[in-house]
Structures are given as C-alpha cells and as structure tokens.
Amino acid sequence: MTDAATRAAALLKDHRASIDRLDAILVYTLAERFKHTQSVGRLKAEHDLPPSDPAREARQIERLERLAHEADLDPEFAKKFLTFIISEVIRHHEKLQK
C-alpha cells in the first residue's frame with residue numbers, strides 16, 4: 001500500500017469512527033425525544049385531546065428548516081426527517097387514545 005493509500009485508509013477509519021459515535025448520539029437522542037412524546041401522548045389521552053396538533057407540527061417543521069439552513073444541512077432532508085418523526089409520534093398517540 002502506498003503512503004497516500006495508508007493515509008487515506010487512516011482518514012477513512014477516523015471518519016467512520018466519528019460517524020459511529022454520531023449514530024449512537026442520534027439513537028439516544030431519539031430515544032429521549034420519544035420518552036417525552038410518549039408522556040405528551042399519555043397526557044393527551046387522559047384529557048381527551050387530539051393526537052395531532054397541525055399548527056405546532058407546522059411550526060416545528062419551519063423551525064427545523066431554519067436550523068438546517070444554519071447548520072448547512074439540506075432543509076428538505078431535515079423536513080422529511082421531522083415529518084417522519086412526527087408521523088411516528090402521532091401513531092403512538094393514536095395507540096394511546098385507544
């Protein structure tokens with residue numbers, strides 16, 4: 001292996017280690033988020049509130065798009081990601097309502 005290939009392999013290894021750490025952070029952060037949304041779902045079920053709050057969801061999507069711009073992340077990707085999370089939260093809230 002050439003010196004350049006050895007350096008590239010070392011850099012690749014470092015990048016992958018960082019990606020692995022960030023993936024772990026994402027998983028634990030999502031778990032924490034869902035703990036809170038489960039609490040919200042139980043409150044909504046106890047007080048007969050609708051499982052979805054479209055106005056809040058729209059504000060959250062706008063907020064996340066702004067954050068994505070600031071973080072130099074594709075805002076469309078951020079919107080898709082949050083939309084997926086919101087749909088999962090609503091699904092959990094609907095299950096709690098039953």
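A few remarks follow.
- In the set (1) within 12 Å of the chain's Cα centre (by Cα); (2) modelled with pLDDT of 95 or more, residue 13 fails one condition alone, (1).
- Residue 55 being loosely packed, with under 10 Cβ neighbours inside 10 Å, under 14 Å from residue 89 (Cα atoms), out of contact with any Leu (no Cβ under 9 Å at 6 or more places or on another chain) and among the small types (Gly, Ala, Ser): no
- Scanning region 68-98 for residues that are of a type in the set (Asp, Glu) and closer than 17 Å to residue 36 by Cβ yields a single hit, 88.
- Pairing residues of region 32-43 that are among the basic types (Lys, Arg) with residues that are surrounded by 12 or more Cβ atoms within 10 Å (Cβ to Cβ), at Cβ distances under 8 Å and at least 6 apart in sequence or on separate chains, gives 33/85; 42/96.
- Only one entry of 84, 34 meets the criterion of being hydrophobic (A, V, I, L, M, F, W, C) and surrounded by 15 or more Cβ atoms within 10 Å (Cβ to Cβ), and that entry is 34.
- Pair list, Cβ < 6 Å and 6+ apart or interchain, from region 70-92 residues that are in contact (Cβ under 8 Å) with a residue 24 or more places away in the chain to residues that are surrounded by 14 or more Cβ atoms within 10 Å (Cβ to Cβ): 86/57; 89/37; 90/51; 90/52; 92/41
The values are calculated or read from the model by the stated rules, or taken from the named source; none is laboratory data. Please read all numbers here as calculations on a predicted model, not as lab measurements. Positions of Cβ are backbone-derived with ideal geometry, glycine not excepted, and every protein chain shown enters the neighbour counts.
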